[in-house]
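Taking it in order: structure first as structure tokens, then the write-up.
Where a number appears in this text, it was derived from the coordinates with a stated rule and is not lab data. Note that the coordinates shown come from a computational prediction; the quantities given were computed from them, not determined experimentally. We place every Cβ from the backbone using ideal geometry, glycine too, and count neighbours over all the protein chains shown.
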Amino acid sequence: MSTDLPAGTSGAFQEPPRPPGPFLPPPAAPVQSRRATGRVSRTGGYVLALAVHLLAPAFLLTGVYLVTRLTIGGILFGLVALDLAWLLRPRPAPFPAFAVPLAREDAPHLYALVDRIGEELGALRTDLVAVSGAVNASFRTYGWRRSRLVEIGYPLWLILTPQERVALLTHEMAHSRNGDARHGLVVGSALHSLHELRIVTGFEWHPGDGLSALVTQCLLAILGVPVRGLIFLLELLLNRSSQHAEYRADEMQAQVAGSAAAASLLDVLTTRTRSVEGFLASSAVAVGTGNLWTALRSHVDAVADTELERHRESARLEKTGVDTTHPPTYLRMQRVLALPYPVPRVSAAGSEQIEGELDKAAGRVARRLREDAQSVRYR
């Protein structure tokens, strides 16, 4: 299938993006130093991820050996080891549970835009686009075939200008080739297995469950301590390389969508998304009778400029941490605005057709959000 944009979608972008706030960040760390640190952290993450993958066969062999000893203790601990081997087995990430998939034939203009962005990035073709109720967007692979998925959080999509939406898609798709180890098979599957094991070893006892359940949950919680330690260490090793990957994705985003749109998108993530999250967490979602997306847009449009500036001021105080995957937003804005990409390679033309293609999925997402809010409110 051709990846060209539909007829009538070429041309310059007409709607200017919102100007970002007056961020005045301190000088950034030298690029070469960040890259070197990122490479070391990324290598360490790969080594630890490989060690995690070796745990499954180690537990398997240990479990088989203990069970074949045919002693009560051997059988008991052998079954535990076999269970741990099963839980730590390599597995693909699943399709996001509450996302609504969009087929290519149902959204030709959206897929044409995604394909055009992928061509500019030099990325592999996106297999599927899905819509969810997250105030976010993401790129991931799922399933054994490692199908490439772009997930659009409709609440975020709704409050962006057309060119900011191009910037959003570009940034997420850039994660397919910006060196972020979290999206790779080795590290990504190791993290997924560890997080699954963390859920299983969580303490879930409640009064009335009985003494035997309490003992079982306590044992599981003890087993979960090294699991949480491994997750913490692996995340810590990956965070520095992930921060560098974010900077790289920002640069690729600015190349394709333009520096102004990239910076404007970061400003929205700093300011308006907080109002979106507040609205979706309020009782208005559960008891509302009108169109959820119309109400959300009106709520965000009514936010005072002083409130937006307060969020910008708060962002200026954010510091780079070793325990975070993203650098401070104001530092990212400084770098993006300094990039020499004033003219976007991909325009936002055809946005009205894309909106129509998203309407049905957006309606399903809205119903799901209302149902979830009602279940919490009336529980």
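With N set to the residue count of the stretch 106-242, report its C-alpha Rg divided by 2.2 N^0.38 Å to two decimal places.
Working: Rg = 19.6 Å, N = 137, 2.2 N^0.38 = 14.3 Å.
So the Cα radius of gyration is 1.37 times the expected 2.2 N^0.38 Å.
Can you tell me how the stretch 182-299 classifies by the Cα gyration tensor, rounded, prolate or oblate, using a/c under 1.5 as the rounded cut? Please report the intermediate quantities before stating the final value.
Working: a/c = 3.81, a/b = 1.35, b/c = 2.83.
It is oblate, given that a/c is not under 1.5 and a/b is not larger than b/c.
Taking 0.36 nm per intervening residue step and subtracting the Cα-Cα distance, what contour gain separates Ile75 from Leu219 on full extension? The partial results should precede the final answer.
Details: separation 144, 0.36 × 144 = 51.84 nm, distance 1.70 nm.
Contour length minus the Cα-Cα distance gives 50.1 nm.
Place the peptides 205-211, 114-120 in order of packing, highest mean first, counting for every residue the other Cβ atoms within 10 Å and averaging per peptide.
Working: 205-211: 9.1, 114-120: 20.9.
By packing density, highest mean first, the sequence is 114-120, 205-211.
At 0.36 nm per residue, and after removing the present C-alpha to C-alpha distance, how many nm does the segment from Phe95 to Glu204 gain when stretched out fully? Walk me through the numbers on the way to the answer.
Values: separation 109, 0.36 × 109 = 39.24 nm, distance 2.59 nm.
36.7 nm is the gain from fully extending Phe95 to Glu204.
Checking the a/c ratio against 1.5 first, then a/b against b/c, what shape does the Cα gyration tensor give for the stretch 230-306?
Values: a/c = 3.10, a/b = 1.57, b/c = 1.97.
It comes out oblate by the Cα gyration axes.
Rg(Cα) of the stretch 225-379 divided by 2.2 N^0.38 Å? Write out the running numbers ahead of the final one.
On the way: Rg = 19.2 Å, N = 155, 2.2 N^0.38 = 15.0 Å.
That works out to 1.28 for the stretch 225-379.
Roughly how many nanometres apart are two label points built 7 Å out from the Cα toward the Cβ at Arg364 and Asp127?
Simple spin-label model gives 1.8 nm for this pair.
Give me a comma-separated list of calculated 3J(HN,Hα) values for the stretch 209-217, in order, Karplus coefficients 6.51, -1.76, 1.60 applied at θ = phi - 60°, integers in Hz, x for any Gly or Pro.
Those phi angles translate into 6, x, 5, 4, 5, 5, 4, 4, 5 Hz.
Under a point-charge model restricted to the Cβ atoms of Lys and Arg (+1) and Asp and Glu (-1), what is the dipole moment magnitude of the stretch 260-379 relative to its Cα centre, in debye to the nearest 20? Don't jump to the answer; show the numbers that get you there.
Numbers: 17 positive and 15 negative charges, 63 e Å.
Roughly 300 debye for the stretch 260-379.
In percent, what relative contact order does the stretch 38-93 have, based on Cα pairs under 8 Å that are 6 or more apart in sequence?
Working: 45 pairs, mean separation 19.7, N = 56.
RCO, the stretch 38-93: 35 percent.
Can you compute the modelled spin-label distance between Asp106 and Ser147, with each label point 7 Å from Cα toward Cβ, in nm?
For Asp106 paired with Ser147, the spin-label model returns 1.2 nm.
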